[in-house]
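Below is one structure; the comments refer to it alone.
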Amino acid sequence: MHLLNFKEFSGKDLEALVDLAIEVKSNPNKYLRTFEGKSAALIFQKTSTRTRVSFEVAMTQLGGHALYIDWRTTNFALADISDELQYLSRNVDCIMARMLYDTDVQKMMKASRVPVINGCDDMYHPSQILADLITVKEKRGKLKGAKLVYIGVHNNVTNSLIEGCTKTGMKITTVSPIFNEAARDEQILSEAKQSGLWESTLDVKAAVKDADFVYTDTWIDMEFFTDPKFETEKEKRIKLMMPYQINAELLKGSDAYVMHDMPIHRGYEISADAIESPKSVIYEQAENRLYSAKAIFLKLINP
Ligand code: CP
């Protein structure tokens, strides 16, 4: 089994994974030797802090070994992805890959003998959304019926968030004045529409009013953030998105928890007062990436 997105998961499967993560978080000692003698390869074509740290520490704390593989310093950069995967998957028990393109993650999955985890590509970010669901369940006691409002560019995180929320009975409203076409997935949108649990609006104030959770993400994907070729688009997005910043003014009268998947661009998608407000669960949410990674390894690797 691989983890590309949540399409193969029922709501029950997904909530079971959330519960497994919470169980591992509560009883870490029980799992200390689960993967003794096993290895996971972590391949990065893009930058990362949380995904690298969480999957590496997760494997260590489960008794196994994680190898960090920088795409640029290996022959992945020169050779055919499928050939390299054919080799790699004969030496490790699991592969986590953060790739630019979903099509390349899918090629890896086809060529691999062992489970491959999508560590965030241009379409999906499932391990992040598992951490988000863990956080919602911890704060609210249950997922079903929780109201989450996502404010930001419709991107890879939005896709997985819509899947994660609607499958587990949460209500999600997206406030996305910009739709990143590279991330468009009609199947996810159509199934979310059918569920009756997803709506989209540009009335940000009304959306936030009765939200339990308010969530944002970067307006610019990480690979473009410092790219001079993206400068004009970046300026355009900042101008268009600024009225949708999560800040104290927007949150006035709201009791919602504040979420962000990090890295944060302070003063852009979220202000310092919102990040540091007593309702912010941003760092807990990021901490939960570790338990998300552990649950994913436990589900995918046969101990
Ligand atoms: N949220 C997230 O995936 O963080 P990193 O990009 O630092 O891994």
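The values are calculated or read from the model by the stated rules, or taken from the named source; none is laboratory data. Treat the numbers as computed from the prediction; the structure is a model and nothing was measured. When we count neighbours, we look across all protein chains shown, and the Cβ atoms used for this are built from the backbone with ideal geometry, even at glycine.
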Test K46 against the stated conditions and say whether it is within 16 Å of the ligand (Cβ to nearest atom), in contact (Cβ under 8 Å) with a residue 40 or more places away in the chain, in contact with a Phe, Trp or Tyr (Cβ under 9 Å, 6 or more places away or on another chain) and outside any strand (DSSP E or B). yes
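This table checks each residue for (1) of a type in the set (A, V, I, L, M); (2) more than 24 Å from Q285 (Cα to Cα); (3) outside any loop (DSSP other than H, G, I, E, B).
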| position | (1), (2), (3) |
| --- | --- |
| A40 | yes, no, yes |
| T51 | no, no, yes |
| A66 | yes, no, yes |
| R72 | no, yes, yes |
| F76 | no, yes, yes |
| L85 | yes, yes, yes |
| V92 | yes, yes, no |
Among the residues of region 109-132, count how many are assigned to a helix (DSSP H, G or I), touching a residue at least 40 places away in the same chain (Cβ under 8 Å) and more than 21 Å from V153 (Cβ to Cβ). 2
Only listed residue being surrounded by 13 or more Cβ atoms within 10 Å (Cβ to Cβ) and touching a helix residue (DSSP H, G or I) at 6+ places or on another chain (Cβ under 9 Å), chosen from T201, T158: T158
Within region 89-100, identify whether any single residue is among the aliphatic types (A, V, I, L, M), within 29 Å of D19 (Cβ to Cβ) and away from the ligand (no atom under 16 Å from the Cβ), and answer yes or no. yes
Determine the pairs where a residue that is over 9 Å from F55 (Cα atoms) and assigned to a loop (DSSP other than H, G, I, E, B), located within region 287-303, has a partner that is polar (S, T, N, Q) and modelled with pLDDT of 95 or more with Cβ atoms under 8 Å apart, the partner being 6 or more residues away or on another chain. N288/T135; P303/T34
Which pairs do you get when a residue that is more than 12 Å from the ligand (Cβ to nearest atom), found in region 256-279, comes within reach of a residue that is of a type in the set (D, E), reach meaning Cβ atoms under 8 angstrom, with the pair 6+ apart or on two chains? A256/D212; Y257/D212; E269/D217; K279/D255
For K234, work out the one condition from (1) surrounded by 12 or more Cβ atoms within 10 Å (Cβ to Cβ); (2) in contact (Cβ under 8 Å) with a residue 24 or more places away in the chain; (3) part of a helix (DSSP H, G or I) it doesn't fulfil. (2)
Quick check on R52: is it over 29 Å from L250 (Cα atoms) and touching a Cys at 6+ places or on another chain (Cβ under 8 Å)? no
Whether any residue in region 144-160 is within 14 Å of the ligand (Cβ to nearest atom), without any contact (Cβ under 8 Å) to a residue 60 or more places away in the chain and touching a strand residue (DSSP E or B) at 6+ places or on another chain (Cβ under 8 Å) is what I want to check. yes
Of all residues being under 16 Å from L100 (Cβ atoms) and within 16 Å of the ligand (Cβ to nearest atom) in region 53-87, which is surrounded by the fewest Cβ atoms within 10 Å (Cβ to Cβ)? Just the residue, please. D70
Over region 102-122, the set of residues surrounded by fewer than 23 Cβ atoms within 10 Å (Cβ to Cβ) and within 16 Å of the ligand (Cβ to nearest atom) is D102, D122
Filter region 237-263 down to residues that are surrounded by fewer than 18 Cβ atoms within 10 Å (Cβ to Cβ), of a type in the set (A, V, I, L, M) and in contact with a helix residue (DSSP H, G or I) (Cβ under 9 Å, 6 or more places away or on another chain), then give me how many there are. 2
